[in-house]
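Worksheet: the structure to be examined is printed underneath.
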Amino acid sequence: MKKFLLYAFCLNISFAAYASGNDGVKKSADENAGLKLPAGFTAVKISENIGRARHIAVTTQGNVYVKSSKLYNGKGIFYMKDLNGDGIVDTVFGFGKYTGTGIAIKNGYLYASSDEEVFRYKLNDKNEVINPDQPEKIITGLINRHQHESKSIALDNDGNIYVNIGAYANACQEKDRTLHSKGRMPCPILDSAGGIWQFKANKLNQTYGDGIRYATGLRNVVGLDWNNQTNTLFVMQHGRDQLHDNWPELFDSKQSAELPAETMYELHKGSNAGWPYIYYDPIQHKKILAPEYGGDGKIEGGKDAQDPTVAFPGHMAPNALLFYTGNQFPEKYKNGAFIAFHGSWNRAPEPQKGYLVAFVPFKNGKPSGEWEIFADDFAGGDEFMSPNKAKHRPTGLAQGPDGSLYVTDDVKGAVYKISYKK
């Protein structure tokens, strides 16, 4: 504990603005921090300007760890505390000299990922990192070819950690993202990417040979969560791009903006979601053979690929998934799924979509109703064509010990806390 506090003290020069309230501790004057929420819910922006805030973990004490996809003041992980009890972060400590997305707390450890490795940090009884300069490396050598490179993580209750290894291609073409380029058959990317790999959470220096390819046929999964009610892994897949750009005789620009679906899957060992050979059409409600493999937008495919649990509109970029187990929110939210949609880049000429947190009700481990928008207006409320116009883009989700929902934003490095008042 003393070592951690000394380390934090050394960072106070760099993070003086946080302590003074001038930067990173900015309480929004807007009602509900500018968000549109269901009746009874309130939101506050508890912090801002902590780099590109991605995934988030909240301790049982209500303190917050955030992973940044870019270094801020030379650090990639930030530990935030509210010392005076006003609900706003007033102290931030940074550590970890690597970028990345994944972060999670489990069984006395903080887990965090770079784009090639996964680390863990031992926590004390207050869930504070004991030695921030010397993490244990549990997984190394994961492929990173600078497309879908982030390594999101989730842990089960049996000592396993699950790592997304995104496909370093759009549709496994002979020439990636190129007009009329055919798909490679079989797709060689699936040997080391395009799926979820399972490793041991407590074994050091694991490589591909120590893990198993738990599920395949997943183009890129940024949001994933272990569902304790079903004891299974759920993931959110980013659907493929550029149907019109690469196959203009088969798809017009509007179809390309709406297809394919962003999809949720419940995975088991050996699951196959079908990428790159098929995609899911949310309008036809069918698995469709990809044009790179002979499809025309109508021919069905993927008889051996599983159907999605839920299909959402295309190109909204689901970046986080959380099953809600708290007691603060109304009963309808219990065991349901929250999804943070980051907003995509390729809906032109249609307006952008996403930039919201959605909710799917679940009952007995299955969806029990239609998905709905839970928190909206992160982008600023106005219709726009370019993602660069978005003021905020929701990226990470976490549940606090009181049942509040935390949401990160990677445009301005903000952290929101959403609560319900009866």
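Where residues in segment 397-422 are closer than 13 Å to Asn32 by Cβ and touching a Pro at 6+ places or on another chain (Cβ under 9 Å), which of them is surrounded by the most Cβ atoms within 10 Å (Cβ to Cβ)?
Top of the filtered list is Val407.
Can you go through Leu224, Leu250 and tell me which one is part of a loop (DSSP other than H, G, I, E, B) and either on the phi > 0 side of the Ramachandran plot or aliphatic (A, V, I, L, M) (or both)?
On the way: Leu224 fails: part of a loop (DSSP other than H, G, I, E, B).
Every option except Leu250 fails the conditions.
Here are Arg177, Arg145: which of them is surrounded by fewer than 19 Cβ atoms within 10 Å (Cβ to Cβ) and within 18 Å of Tyr279 (Cα to Cα)? Before you say what the answer is, go through the steps one by one.
Working: Arg145 fails: within 18 Å of Tyr279 (Cα to Cα).
Every option except Arg177 fails the conditions.
Out of segment 199-212, which residues are over 19 Å from Tyr168 (Cα atoms) and either touching a His at 6+ places or on another chain (Cβ under 9 Å) or not aliphatic (A, V, I, L, M) (or both)?
Those that are over 19 Å from Tyr168 (Cα atoms) and either touching a His at 6+ places or on another chain (Cβ under 9 Å) or not aliphatic (A, V, I, L, M) (or both): Phe199, Lys200, Asn202, Lys203, Asn205, Gln206, Gly209, Asp210, Gly211.
Filter segment 230-244 down to the residues that are of a type outside the set (S, T, N, Q) and part of a strand (DSSP E or B), then identify the one that is surrounded by the most Cβ atoms within 10 Å (Cβ to Cβ).
We begin by selecting, within segment 230-244, every residue of a type outside the set (S, T, N, Q); these are 233-236, 238-241, 243-244.
With part of a strand (DSSP E or B) added as a condition, the list becomes 233-236.
On the way: Leu233: 25, Phe234: 24, Val235: 28, Met236: 30.
Filtering segment 230-244 for residues that are of a type outside the set (S, T, N, Q) and part of a strand (DSSP E or B), the one surrounded by the most Cβ atoms within 10 Å (Cβ to Cβ) comes out as Met236.
Search segment 164-190 for residues that are charged (D, E, K, R) and pair each with any residue that is assigned to a strand (DSSP E or B) when their beta-carbon atoms are under 6 Å apart and the residues are at least 6 apart or on different chains.
Short answer, once both residue conditions are applied: none.
Can you name the condition, by its number, that Lys254 falls short on among (1) closer than 25 Å to Gly297 by Cβ; (2) of a type in the set (D, E, K, R); (3) without any contact (Cβ under 8 Å) to a residue 60 or more places away in the chain?
The number of the failed condition is (3).
Can you pull out every residue in segment 120-144 that is of a type outside the set (D, E, K, R), assigned to a loop (DSSP other than H, G, I, E, B) and free of Cβ contacts under 8 Å to residues at least 24 places away in the same chain? Full working, then the answer.
So the first thing to find is which residues in segment 120-144 are of a type outside the set (D, E, K, R), and the list is 121, 123-124, 127, 129-132, 134-135, 138-144.
Within this subset, residues satisfying the condition of being assigned to a loop (DSSP other than H, G, I, E, B) are 124, 127, 130-132, 134-135, 140-144.
Listed by number, the list holds a single entry, Gln134.
No value in this document is a laboratory result; all are computed from the given coordinates. Every value quoted in this text rests on a predicted model; they were computed, and no experiment measured them. No Cβ is skipped: glycine too gets one built from the backbone with ideal geometry, and neighbour counts run over all protein chains shown.
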